[in-house]
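The structure appears right after this line, and notes come after that.
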There are 2 protein chains.
Amino acid sequence: MIPRRGAVFLFSTIRHFSSRRAVIYSSTGDPAQVLSVSKISPLPDSVPVGHIAVKLLLSPINPADINVVQGVYPSKPKIRDNLGTPSPAFIGGNEGVGQVERLGDGVTELAVGDWVVMTKPQLGTWVSHAHVESKDVTKVDKRVGEARAATITVNPPTARGMLSDFRSLEEGDYVIQNGANSAVGQSVIQIAAARKLRTINVVRDRPNIDELKKHLTSLGATHVVTDQELADVSMKTRLKEWTQGKGIKLGLNCVGGKSTTALAKHLGSNAALVSYGAMSKGPLSLPTGLFIFKNLTSYGYWQTRWYETHSPEERQSMLQEITDLMLADKLGAPEHEILVIPESEKDATRVLREKLMLIDAGRYGKKLLLKFD
Amino acid sequence: MIPRRGAVFLFSTIRHFSSRRAVIYSSTGDPAQVLSVSKISPLPDSVPVGHIAVKLLLSPINPADINVVQGVYPSKPKIRDNLGTPSPAFIGGNEGVGQVERLGDGVTELAVGDWVVMTKPQLGTWVSHAHVESKDVTKVDKRVGEARAATITVNPPTARGMLSDFRSLEEGDYVIQNGANSAVGQSVIQIAAARKLRTINVVRDRPNIDELKKHLTSLGATHVVTDQELADVSMKTRLKEWTQGKGIKLGLNCVGGKSTTALAKHLGSNAALVSYGAMSKGPLSLPTGLFIFKNLTSYGYWQTRWYETHSPEERQSMLQEITDLMLADKLGAPEHEILVIPESEKDATRVLREKLMLIDAGRYGKKLLLKFD
């Protein structure tokens, strides 16, 4: 029912069972300068106590991952001196799905063959094989498929958290969001639709805008408007008609700058504006009167913080809720491409750097998923 | 112990017992155009059921009162067709202390001679005499004196509310505020000091800055810095020393624009930024990262909303808390001037318009209190 667009680009079909490979960097900086795809030391034979050996199946590249490489993200990865690289190096990647290949002593809650996702940030998922502590992963249902499993820990939980934690919403209530075609935005549309909430989705104008509107509508969007349409004076009247005068209680923002100012002005009294991104790189600029007289509250949402402040049981229950939506065919994978990492280190590095620059510019349009084969 | 600076400017000493006078306007607009001081119809002899007849003793002019006259404030006064004016008119003023002169039937909780303040907004306090519903007023302790009684319902409760309702603060915790020499700012300093909280107070640079710093320190300010000092790179280190590395949990803002951006950057993780004014008329401009990664929350505070959403008992208890601080000599009157309204309507109108323009420009520096004599 929900479209899943995925294309596999096969740069290499030769399989190397024996080698371990990763996307690494030894100092932070411009990804096009510092990143490389490299063979690294194989894992030791013995899996440490409480750990599991995992073969990564798919590892997404999120915009935040690029900021980590640039060294401008608050979460820092661990530098490693056991990769066999000329100097200690970081392994990139925060998210991904892996298959359990071996269990260390004391691991009883998982079995060989299970699929797991990382619930601790910055473990380094752009790698073919890894040893990770079993407490830092959660089992994921194979029936959701590789692409949805690989992208289950950041974007859908962000959408779910923002729809759940700030305002109590009832069936028929409206939510407004910008960057609505982002991976999180698509999750918001689907989770909101599953809860019978209505969404007003703001996107940048673009040549294929009708196609995009159609796609988001097919996901469950109630209305899709461009930034220009949102800023038009007629929008106030249209919104009143759509919402039948009931104030919009929740606004979700991943853009910043003017787009967010326009969005915030359409919120009702006592609303929450929740920011989870700043694609425009502009600050949040909001008239003080919205806070004083309309009792607007402006919050931030960061899935990393959510994981840090919630128990393993809460994390499991949240992932179960997302999984249930996926299995009920109410939450699809984001639009994505699978990049099978070329065998040649040089080719692989070049291709990856190109993709990362496009993603950093916010122009890739699809989630890129790395596959070491 | 706490300095009280008050100067009485007597423009007229002739008393007119028989006439009722008010500051009125028949349409909203520029105060220098629309406002006039005018004789109006005397009150009817019979006080309506549930009402009291009050002689106003002192009526402050708040910056918000000017916005009401301009027609740009969300709270609207009631237009009256019983003032004997050529066309229906508004009476200005939101705050003030009055003495009860007569009681209507059914009023048992008040006695003639009591002092009362308005707890319902926009009742029109720039008037010599008024009938008001007894449920819309609260008795105030005469021992606090006229100036503190007249200014008790807006500024001190705003300071108290912002210090109480957003973050749980413990002895020794730091609060940072801009516009620290505003009437609210002065209340914040004193209420915080009474609670053994420490305050960092940001003010605009000015010729008599040392005098101002001394004055705010005498009120209980822990530190007073200018906007320039706050923006200086050295401030991060100084703040760390002052707070011993403990994050500042609460920032109070009545300025907006750059001043608030600088202030917000000094807040710790999980802090609240509470805005109650926008003296610079600039919007709140805040890096999105503060919300996402430092979990900043930005709120507004409006005393009018507080009154609307709290019970008479809560209002009474809040005013009692303020009164207790005043009687314990821990909360003084704001710096103020008493303007005795000149007898001549022309002179009175001219003087008042001049004062209002200065207050609107944010350059008056003292609270102006109107006295009809």
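The values are calculated or read from the model by the stated rules, or taken from the named source; none is laboratory data. This structure is a prediction, so every number in the text was calculated from the model and none was measured. Every residue, glycine as well, gets a Cβ built from its backbone with ideal geometry; the counts of neighbours run over all protein chains shown. When the accessible area is computed, the model is the full protein with side chains, heavy atoms only, and any ligands, DNA or RNA have been set aside. Shrake-Rupley method; radii C 1.70, N 1.55, O 1.52, S 1.80 Å.
Give the carbon-plus-sulfur fraction of the accessible surface of chain B in %, rounded to a whole number; probe 1.4 Å, heavy atoms of protein chains only.
Result for chain B: 51 percent of the exposed heavy-atom area is carbon or sulfur.
Compare the Cα positions of B:Ala89, A:Ala150, A:Ser269 along the charge dipole of the protein assembly as shown (+1 at Cβ of Lys, Arg; -1 at Cβ of Asp, Glu; about the Cα centre) and return the one farthest towards the positive end.
Towards the positive end, the residue furthest out is B:Ala89.
Calculate the FRET efficiency for A:Asp81 and B:Ser311 from the Cβ-Cβ distance with a Förster distance of 60 Å, rounded to the nearest 0.05.
Taking R0 as 60 Å, the efficiency between A:Asp81 and B:Ser311 is 0.40.
Roughly how many debye, to the nearest 20, is the charge dipole of the protein assembly as shown about its Cα centre, given +1 on each Lys and Arg Cβ, -1 on each Asp and Glu Cβ, and no other charges?
Computed about the Cα centre, the dipole is about 940 debye.
Hey, for B:Gln99 with labels 7 Å out along Cα-Cβ, what do the inter-copy distances come to in nm, ordered shortest first?
Listed shortest first, these distances are 9.1 nm.
Any idea how far apart B:Val49 and B:Val112 come out in nm if each label point goes 7 Å out from Cα toward Cβ?
My value for the distance between the label points is 2.3 nm.
Over the whole of A:273-283, what's the average partner chain Cβ count within 10 Å per residue? Rounded to a whole number, please.
Shielding by partners across A:273-283 averages 3.
In region B:46-118, what trypsin sites (Lys or Arg not before Pro) fall in a loop by DSSP, with at most 10 other Cβ atoms inside 10 Å?
Loop-located and lightly packed - B:Lys78.
Let me check I've understood the local charge: for A:Glu109, count other residues with C-beta under 13 angstrom from its C-beta, Lys and Arg +1, Asp and Glu -1. What total comes out?
-2
Over chain B, average the accessible area per residue using a 1.4 Å probe and give it in Å², no decimals.
With all protein chains present, chain B gives 43 Å² per residue.
For a quick check, take a GNM of chain A with Cα springs below 10 Å and name the residue from A:Gly245, A:Gly71, A:Gly268 with the largest mean-square fluctuation.
The residue that fluctuates most here is A:Gly245.
Can you give the mean number of other chain Cβ atoms that lie within 10 Å of the Cβ atoms in peptide B:298-306?
Across the residues of B:298-306, the mean count of other-chain Cβ atoms within 10 Å is 5.
Just from its helices, what would the mean residue ellipticity at 222 nm be for the protein assembly as shown, if runs of 4 or more DSSP H residues each count -39500 (n - 2.57) and the sum is divided by every residue, rounded to the nearest 500 deg cm²/dmol?
Calculated at 222 nm, the ellipticity per residue is -9000 deg cm²/dmol.
Where does the charge balance sit around A:Gly179 when Lys and Arg score +1, Asp and Glu -1, over other residues with C-beta under 11 Å from its C-beta?
That sum, taken over residues with Cβ under 11 Å, equals 0.
First obtain the Kirkwood hydrodynamic radius of the protein assembly as shown from its Cα pairs, then insert it into the Stokes-Einstein equation at 25 °C and 0.890 mPa s, and state the resulting D in µm² per second as a whole number.
84 µm²/s
What's the local net charge at B:Thr151, with K and R +1, D and E -1, over the other residues with C-beta under 9 Å away?
+1
Among A:269-281, B:27-39, what's the highest-first ranking by average C-beta atoms within 10 angstrom per residue?
The densest-packed peptide leads the list: A:269-281, B:27-39.
When ranked by the protection proxy of mean other Cβ atoms within 10 Å per residue, highest first, what sequence do the peptides B:19-26, A:150-157, A:285-292 form?
A:150-157, A:285-292, B:19-26
Quick one: with label points 7 Å out along Cα→Cβ, list the inter-copy distances for B:Pro88 in nm, shortest first?
The projected label point of B:Pro88 is separated from its counterparts by 7.7 nm.
Report ³J(HN,Hα) in whole Hz for each residue of region A:75-80, in order, from the Karplus equation J = 6.51 cos²θ - 1.76 cosθ + 1.60 where θ = phi - 60°; Gly and Pro get x.
Whole-Hz 3J(HN,Hα) from phi for region A:75-80: 7, 10, x, 8, 7, 10.
Compare the peptides A:191-197, A:297-303 by average per-residue count of other Cβ atoms within 10 angstrom and give them in order, highest first.
A:297-303, A:191-197
Keeping all protein chains in the complex and leaving out DNA, RNA and ligands, what accessible area do you get for A:Asp165 with a 1.4 Å probe, in Å² to the nearest 10?
A:Asp165 exposes around 80 Å² with every protein chain in place.
Any idea what the relative contact order of chain B is, in percent, if you count C-alpha pairs under 8 Å spaced at least 6 apart?
It comes to 21 percent, rounded to a whole number.
Under 19 Å Cα-Cα from A:Lys236, which lysines qualify once same-chain neighbours fewer than 8 residues away are excluded?
Hits, sequence-local ones excluded: A:Lys246, A:Lys249, A:Lys258, A:Lys265, A:Lys294.
Quick one: which residues, 5 or more positions from B:Thr119 or on another chain, have an amide H under 5 Å from its amide H? H modelled 1.01 Å from N in the peptide plane, none for Pro or chain starts.
B:Val137, B:Thr138
Could you tell me the distance between the Cα centroids of region B:52-69 and region B:245-305, to the nearest Å?
30 Å
Taking a probe of 1.4 angstrom, what is the accessible area of B:Phe293 in Å², to the nearest 10?
70 Å²
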